[in-house]
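Encoded as structure tokens, the structure appears first; notes follow it.
The values are calculated or read from the model by the stated rules, or taken from the named source; none is laboratory data. These numbers were taken from a predicted model, which means no experiment stands behind them. All Cβ positions, glycine included, derive from the backbone under ideal geometry; neighbour counts span all protein chains shown.
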Amino acid sequence: MIKRKVFPIIFNRLLEPRKYIQVLAGPRQVGKTTVINQVLEEINVPHAYYSADAVTDSGKVWVQQKWEQARLLIRTQELPEFIIVFDEIQKIADWTEIVKKLWDEDSVSGMPVKVVLLGSSSLLMQQGLTESLAGRFEIIRITHWSFQEMKEAFSFSVEQFIYFGGYPGAASLIDDEERWKSYIRDSIIETTISKDILLMKRIDKPALLKALFYLGAGYSGQILSLNKVTGQLQDAGNTTTLSNYIELLDSAGMIKGLQKYASQQFRKRGSSPKFAVYDTAFLTVMLDTSYRKAVQDSALWGRIAESAVGAHLINQCAGRDIGLYYWRESPDEVDFVIKKGSHLAAIEVKTGMKKESLRGMERFIGNFPDARPYLAGTGGIPVEDFLKIKIENLF
């Protein structure tokens with residue numbers, strides 16, 4: 001079985017002396033449980049894995065009981081250390097309180113219990129961590145699968161990855177597109193919204209949240225003002241509510257509202273967002289077409305390919321001090337702008353045989369001459385190669 005890029009990071013951290021709680025956070029169904037179990041199989045350290053998925057009684061008592069069991073093993077078997085993994089920890093009410101209490105007790109007594117926490121929702125995990133466990137944890141972000149990973153694990157072609165995306169659980173279903181779409185809708189989209197986001201925050205208008213996701217995913221790669229979004233959704237409320245809901249969908253690894261790049265920060269925040277999906281499956285699952293027809297439709301395929309490039313960049317920027325934007329000065333536009341410190345990179349995506357203008361890129365470089373321009377697709381870096389590039393290499 002393929003080992004993801006984060007495997008050696010997790011492996012090495014668990015071999016280090018006990019210092020921090022290791023937190024694996026990321027969207028649903030991207031392999032958090034698989035990768036930690038792969039590490040546990042190879043690491044030469046006594047360990048135990050527990051899932052909170054089926055806990056029905058007092059969750060805090062359950063956590064404490066499992067923790068005490070690890071302490072007992074250390075004392076009775078004179079173990080130098082023990083690793084305990086709690087999966088789906090966000091499902092335990094007030095989980096941070098008991099984890100903080102037990103972790104601090106072990107820190108004072110010198111009890112060598114190492115702890116790994118897994119959670120599906122980044123925002124829920126981070127809220128609990130930053131509120132109660134500040135200074136006690138490190139986050140390892142598990143993102144959607146990359147093209148290289150899907151190619152190695154499931155022999156995906158670049159066209160298959162662009163259309164079907166990076167969900168390993170759906171890879172075996174792509175020959176039956178209706179079944180594939182049902183999996184994406186039921187196991188990923190609906191479950192993330194109903195079991196992660198709606199449990200994570202008080203949502204006054206859950207139907208609006210769901211409608212906003214489908215609208216944003218359907219408009220992936222397009223710029224929409226929040227006022228225009230309000231006009232397309234029933235009972236949309238105000239733009240502040242929509243902005244908050246976009247942030248929630250972003251935290252859950254579903255869609256992102258890219259802001260316009262500008263030298264003044266206030267202009268970035270006040271811009272109309274450009275919707276972008278974290279995985280192209282969120283876009284293609286709603287299309288009234290098939291994979292074969294989509295590949296042959298140059299305009300549609302160009303839009304999906306741009307979303308695939310955007311998803312590649314979004315997932316690499318997650319949790320890092322790298323900003324991802326778009327740029328537009330009517331009528332000219334650049335698909336993506338990346339900022340790391342004082343360094344800028346601009347990316348335009350072009351597909352098909354038709355010769356297209358790079359006027360937007362030329363105008364952007366005229367305004368920001370130190371930026372590095374890139375063309376992904378026709379006439380530039382092949383999309384297949386661009387989807388393998390590490391984002392730091394663009395600077």
query = Where in the range 209-269 are there helices (runs of 4 or more DSSP H), lying fully within it, with 1 or more residues that are at pLDDT 80 or above and closer than 26 Å to residue 199 by Cα?
reply = 226-232, 239-251
task = Kindly list the number of the only condition in (1) without any contact (Cβ under 8 Å) to a residue 60 or more places away in the chain; (2) within 22 Å of the chain's Cα centre (by Cα) that fails for residue 12.
result = (2)
remark   = Checked the range 293-331 for anything more than 15 Å from residue 392 (Cα to Cα), hydrophobic (A, V, I, L, M, F, W, C) and not in a helix (DSSP H, G or I); matches are 327
key: Top-ranked residue of the range 281-292 - restricted to ones that are under 15 Å from residue 213 (Cβ atoms) and assigned to a loop (DSSP other than H, G, I, E, B), ranked as nearest to the chain's Cα centre (by Cα)   = 285
ask   = Is it the case that some residue within the range 193-214 is closer than 20 Å to residue 285 by Cα and loosely packed, with under 14 Cβ neighbours inside 10 Å?
value = yes
request  = For the range 96-128, enumerate the residues that are among the hydrophobic types (A, V, I, L, M, F, W, C), within 23 Å of residue 39 (Cα to Cα) and either part of a strand (DSSP E or B) or modelled with pLDDT under 90 (or both).
outcome  = 113, 115, 116, 117, 118, 125
remark   = Taking the range 271-325 and keeping only residues that are hydroxyl-bearing (Ser, Thr, Tyr) and either buried (at least 24 other Cβ atoms within 10 Å of the Cβ) or in the same structural domain as residue 24 (by TED's automatic domain parsing) (or both), one is left with 278, 280, 284, 307
ask   = Within the range 92-106, is there a residue that is among the aromatic types (Phe, Trp, Tyr) and in contact with a Leu (Cβ under 8 Å, 6 or more places away or on another chain)?
value = yes
remark   = Residues in the range 68-102 that are surrounded by 18 or more Cβ atoms within 10 Å (Cβ to Cβ), in contact (Cβ under 8 Å) with a residue 40 or more places away in the chain and more than 28 Å from the chain's Cα centre (by Cα) total 2
note = Of 143, 191, the only residue that is more than 30 Å from residue 103 (Cα to Cα) and not aliphatic (A, V, I, L, M) is 191
query = If you take the residues in the range 175-194 that are in contact (Cβ under 8 Å) with a residue 24 or more places away in the chain and among the charged types (D, E, K, R), which one is farthest from residue 160 (Cα to Cα)?
reply = 185
remark   = Flagged in the range 305-322 as touching a strand residue (DSSP E or B) at 6+ places or on another chain (Cβ under 6 Å) and at pLDDT below 95, in numbering order, are 317, 318, 319, 322
